[in-house]
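Everything below concerns the one structure shown next.
The values are calculated or read from the model by the stated rules, or taken from the named source; none is laboratory data. Remember, predicted model here, so these are calculated numbers, not experimental data. Here Cβ is always computed from backbone atoms with ideal geometry, including for glycine, and neighbour counts include all displayed protein chains. SASA here: full protein model, heavy atoms, side chains in, ligands and nucleic acids out. Shrake-Rupley method; radii C 1.70, N 1.55, O 1.52, S 1.80 Å.
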Amino acid sequence: MKTKTFESLLERIRAREAQVGVIGLGYVGLPLAVELANAGFAVTGFDVDSAKADEINGGRSYIPDVSDEAVAACVTSGRLTATTDMTLLGAMDAIDICVPTPLRKTKDPDLSYVVLAVEAVAATLRGGQLVILESTTYPGTTDEVVQPMLEETGLAADVDFFLAFSPERVDPGNPTFNTHNVPKVVGGVGPASTELASMLYGAAIETIVPVSSPQAAEMVKLLENTFRMVNIGLVNEIALMCDRLGLDVWEVVKAAATKPFGFMPFYPGPGLGGHCIPIDPFYLSWKAKQTGFDPRFIELAGQINGGMPHFVVDKITDALNRHEKSVNGSTILILGLAYKRDIDDMRESPSLDVMALLHQRGAKVRYADPYVPTLAARAWHGGFDMQTEPLTAAAIADADCVAILTEHRTVDYDMVLRSARLIVDTRNAIAGKHPHVFKLGAPAPVMTLETPEVREKVVA
Ligand SMILES: NC(=O)c1ccc[n+]([C@@H]2O[C@H](COP(=O)([O-])OP(=O)(O)OC[C@H]3O[C@@H](n4cnc5c(N)ncnc54)[C@H](O)[C@@H]3O)[C@@H](O)[C@H]2O)c1
């Protein structure tokens, strides 16, 4: 039944008169706020971090995928403002929640940020508001956790206020796909909620994919991320096998990818990173275990991917050994700290694990990453502050071994190849075979020490 409340909000959205609030102005929230502002809505960003609010109000972006110009244009036109004052949520017609959903140390979901955000929404909830959860979470969060908290106000979901889940699928650093052109899946707690959320996003995003419930929308996101995690686990295991069998996994994947159907290439690497792939599948795993179901693929892929930093350290140890050096006492330059190329995000980055493991074994670790100028002691297990080395031939040549862990496209790999004494390449960033380059999932270069120019370099 289409109520007056529904019709009135629908009309406000249609006319771009709806005030939209976005809670959590990070990698997901800020691009979304900018898209909604560009669509013509007056958007207010809410964050507990006043520095972020100040940056936005000053017309500056701190997210690489969003330009300063884009933020400045929205702020100047009056369509975007940011605040830490949660009491202003009551003035919003629609509210998007984009706060973190990490794991606890036990790998159980940590919904504390979502709960705090929903408490803030509940404190000023009024009839006619639309609330959409975007944070990745387990199936059931919207209707089992969020809905009861909001209904404690005495208002009924899908009647007095509207509630939906819509997963964010943004891929930071992707030059082709962004918040605007990635289809948006929407599942409301009832038909009115689905329709309103679809109408809101439809104003800003190219394609909307409605599904039957918030649980289905929550599961869509977890299927996507579990699919990636499991396939990366599979290709990492294939890389480990290739390593044993003396085959080059990069050659194998490249050739397999020529199959025009039934195959999709995934690439091995030093382990999983980021706020999504290493974490989200464990939300699903936790929920499945509540029903007595044992989700084996997730656990197995987690083990294989979690073991990759150790394998990389073994590879570095082996490479140094062949050059008559030990990890203990060697200077090892980690090339790339971010968890994937062309971004500055270090959350869960396997580079941090590799670096800490090498440090524990007595290596003098350094890093170079054009996107990560400094590394705070608390951000890794080595426990001391670091700053990036300059990406110069001298800095590269100074290291006993350069370990390429993130293949940023701005790095001059020809220079790295020419300058380094020894390279362990976990991303296939260096093309071809070279006597001083060891690749993950590929045979060691043949009799490295018998190559005169290398012997000259490494024994010096
Ligand atoms: N980063 C990605 O690539 C990506 C992609 C898809 C989905 N997601 C999901 O989106 C959600 C947000 O991720 P993110 O990467 O944007 O996180 P983020 O850490 O970059 O941003 C979260 C923001 O929320 C703020 N915040 C925390 N608690 C708050 C509260 N109670 N009230 C107001 N603000 C609060 C933080 O200060 C921060 O600015 C997570 O559930 C994540 O899994 C992330």
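In the context of the full protein assembly, residue 50 retains an accessible surface of approximately 70 Å², using a probe radius of 1.4 Å and ignoring ligands and nucleic acids. Between the listed residues 182, 40, 274, the Cα displaced farthest toward the positive end of the dipole of the chain, a dipole computed from Cβ unit charges relative to the Cα centre, is found at 274. Of the solvent-accessible surface of the chain, computed with a 1.4 Å probe and all protein chains present, 55% belongs to carbon and sulfur. Using the Karplus relation 6.51 cos²θ - 1.76 cosθ + 1.60 with θ = phi - 60°, the per-residue 3J(HN,Hα) values for the range 334-340 come to 7, 9, x, 9, 4, 6, 8 Hz, with x marking Gly and Pro.
When a/c reaches 1.5 or more, the comparison of a/b and b/c decides; with that in mind, is the range 91-181 rounded, prolate or oblate per its Cα gyration tensor?
Values: a/c = 2.33, a/b = 1.35, b/c = 1.73.
Oblate, since a/c reaches 1.5 and b/c is not below a/b.
Mind checking the dipole of the range 385-452: about its Cα centre, +1 per Lys or Arg Cβ, -1 per Asp or Glu Cβ, Debye to the nearest 20?
Numbers: 6 positive and 9 negative charges, 61 e Å.
The calculation lands at about 300 debye.
Please check the chain for the longest run free of GluC sites (Glu not before Pro) that are loop-located per DSSP (anything but H, G, I, E, B) and have at most 16 other Cβ atoms within 10 Å. Can you show the working numbers first?
On the way: sites that count: 17, 152, 206, 324.
For GluC sites (Glu not before Pro) (loop position, at most 16 other Cβ atoms within 10 Å), the longest site-free span of the chain is 325-460.
State which entries of 184/259; 315/364; 4/184 exceed 23 angstrom in Cα-Cα distance in the structure shown.
184/259; 4/184
Volume of the convex hull of the chain (Cα atoms only), normalised per residue: 150 Å³.
Annotation: for a label point projected 7 angstrom from Cα along Cα→Cβ of residue 410, residues of the range 372-399 with backbone N closer than 12 Å are 372-373, 391. The alpha carbons of the range 33-185 give a radius of gyration and a Dmax of 15.9, 46 Å, in that order. Couplings 3J(HN,Hα) of the range 344-360, computed from phi: 9, 7, 9, 4, 6, 5, x, 4, 5, 5, 4, 5, 5, 5, 5, 4, 4 Hz, in residue order, whole Hz [Karplus 6.51 cos²θ - 1.76 cosθ + 1.60, θ = phi - 60°; x for Gly and Pro]. Dividing the helix sum by the residues of the chain, where each DSSP H run of 4 or more adds -39500 (n - 2.57), gives a mean residue ellipticity at 222 nm of -12000 deg cm²/dmol. Under 5 Å from the amide H of residue 348 lie the amide H atoms of 274, each residue being 5 or more positions distant or on a separate chain, with H modelled from the backbone and absent for Pro and chain starts. Taking amide H positions as modeled 1.01 Å from N, with prolines and chain starts lacking one, the residues under 5 Å from residue 46 and 5 or more places away or on another chain are 22, 23, 24, 83. Around the amide H of residue 95, modelled in the peptide plane, lie the amide H atoms of 21, 130, 131, 132, all under 5 Å away and 5 or more residues distant in sequence or on another chain. Please say if the range 74-128 is rounded, prolate or oblate, where rounded means a/c under 1.5 for a ≥ b ≥ c the square roots of the C-alpha gyration tensor eigenvalues, and otherwise the choice is prolate for a/b larger than b/c and oblate otherwise? Because a/c hits 1.5 or more and a/b fails to exceed b/c, the range 74-128 counts as oblate.
Could you report the chain's accessible area per residue, 1.4 Å probe, as an integer in Å²? Could you put the intermediate results ahead of the total?
Details: 20020 Å² over 460 residues.
With all protein chains present, the chain gives 44 Å² per residue.
Cross-link reach is defined here as a Cα-Cα straight distance under 13 Å, omitting same-chain residues fewer than 8 places apart; for residue 107 the aspartates and glutamates meeting it are 280, 299. The ellipsoid equivalent to the alpha-carbon distribution of the range 222-276 has semi-axes of 20, 16, 8 angstrom, derived from the gyration tensor eigenvalues as √(5λ) and listed largest first.
Provide the percentage of antiparallel DSSP beta bridges, counting only those with both residues in the chain; round to the nearest 5. Present the calculation step by step, with values, prior to reporting the outcome.
Details: 5 of 45 bridges.
In the chain, approximately 10 percent of DSSP beta bridges are antiparallel ones.
In the chain, excluding the sites themselves, the longest stretch lacking any of the chymotrypsin sites (Phe, Trp or Tyr not before Pro) that are in a DSSP loop with at most 13 other Cβ atoms within 10 Å is 1-176.
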